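Heads up, the thing below is written out as structure tokens.
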Amino acid sequence: MVISPFQIDIDKAILEDLRSRLLATRWPDQLDGSDWIYGTNVDYLKELVSYWINEFDWFAQQEMLNNFQHFTTIVEGHDVHFIKEDGKGPKPMPLVITHGWPSTILEMYKIIPMLADPASYGGSENDSFDVIAPSLPGYGFSGKPLKAGMDVEGVAALWTTLMTDNLGYPKFASHGGDIGAGVTSQLGRNHADRLIGIHLTSVTRPDPYLGEGSRPLTLAEKAHVAQRQDWQDNEGGYAHVHGTKPQTLSYGLNDSPAGLAAWIVEKYRTWSDCAGDVEKRFSKNELLTNITIYWATQTINTSVRMYYENRRNNWVVGPNDKVQTPTGVAIFPFDLATPPREWAERSYDIRSWTEMPQGGHFAAMEEPELLVEDIRSFFRPLR
């Protein structure tokens, strides 16, 4: 299979058009004192957009990202973009790491070098990985899905082909969070013969088997079920729109960069361990680099469409159905859900379980050191 070098190179005309649209933003009203109660705060968004117009340097961010080794290849007819950083150690383990939504490949920029070259970050060269970090189909620099149905199960099949046929690894390891956790779980489920192990920061899916013959829910599991329902009621509206009418939403988000920023930045604030101040965890440059990737590649529509596809292929575990691949889990306290270990053990072969002291949904950006050490520790005995 042909592997082609790739460089990120956004046309200046796209950025000039972006600036014009930002300058022409029609701002909505906001009730006095409402802060973020109704969604993204208009004062903060005006501040962010002003920075985007007057101070943000896309080309500096592009240069930073291009310091990684980027490639594209065709996988089962799909154009897949990925970063590949070879491990610096005696026997690097191949590891595919998958981002989620509303992230892009930027989510992984802190942990890629730490995983590939542990000795440069206070670790042992014996823990090195060949790190492969693809952009999900329809996200950022990967091509858009060729037809309906590209869900996490389909992506897992693509990643297996990418890692084995295109890159030549007989077996490999995998890590992911959010949608990336869904992809990683499906790798462990459907491609166990190719997997060394899987590491997750989310185990809310699949829904475990709770029917006849299953053990009763523990108090902690009952609390988890109640917490998930409360979250769906109060924070899950975005996912319902993504999963039912993604096309309708995308006309606004693909046309208004301020609207796109509002839709995305609210998630970084709500889902992170930031105590209400999003910039305690993410700089304006990080937020805007991620948003600009969506804008420049026009992939917000195809990214949210994956929710629709996943909704129509919901994975429910049967009475004898379990992910048999060795599984490590890192639970960050401000993630969307923090299930107890016994909940995950219904669906996975849990070998390692770590409850972190801080951090939220975007662990690779919020707490890269904690996440990387947990990945190293989990895979160490599997080498």
>> Taking every DSSP beta bridge with both residues inside region 3-382, roughly what % is antiparallel (nearest 5)?
In response: 35
>> Past 23 Å, Cα to Cα: identify those pairs from Lys110/Lys284; Lys222/Lys322; Lys88/Lys280; Lys144/Lys284; Lys46/Lys284; Lys91/Lys322, in the order given.
In response: Lys88/Lys280; Lys144/Lys284; Lys91/Lys322
> In terms of the Cα gyration tensor, with a ≥ b ≥ c the square roots of its eigenvalues, is region 279-359 rounded because a/c is under 1.5, prolate because a/b exceeds b/c, or oblate?
Replying inline: oblate
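Within the chain, what's the longest stretch lacking GluC sites (Glu not before Pro) that sit in DSSP loops with no more than 10 other Cβ atoms inside 10 Å? Please list the in-between numbers first.
On the way: sites that count: Glu55, Glu212.
It runs 213-383.
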>> Using a Gaussian network model on the chain with a 10 Å cutoff between Cα atoms, which of Val96, Val265, Val316 fluctuates the most?
In response: Val316
>> Let me check against my output: what whole-number percent is the relative contact order of the chain, with C-alpha pairs under 8 Å and at least 6 apart?
In response: 19
> Going by how many other beta carbons lie within 10 Å of each one, how would you line up Thr72, Thr160, Thr218, fewest first?
Replying inline: Thr218, Thr72, Thr160
>> Quick check on the exposure proxy: order Phe129, Phe71, Phe56 from fewest to most C-beta atoms within 10 angstrom.
In response: Phe71, Phe56, Phe129
> How do Asp230, Asp17 rank when sorted from fewest to most other Cβ atoms within 10 Å of their own Cβ?
Replying inline: Asp230, Asp17
>> Run the reach check for Lys84 against aspartates and glutamates, Cα to Cα strictly under 16 Å, same-chain hits fewer than 8 apart removed. What comes back?
In response: Glu107, Asp117, Asp130, Asp165
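We did not get these values from a lab; they are worked out from the coordinates using the rules stated. All values derive from a computational prediction rather than experimental measurement. All Cβ positions, glycine included, derive from the backbone under ideal geometry; neighbour counts span all protein chains shown.
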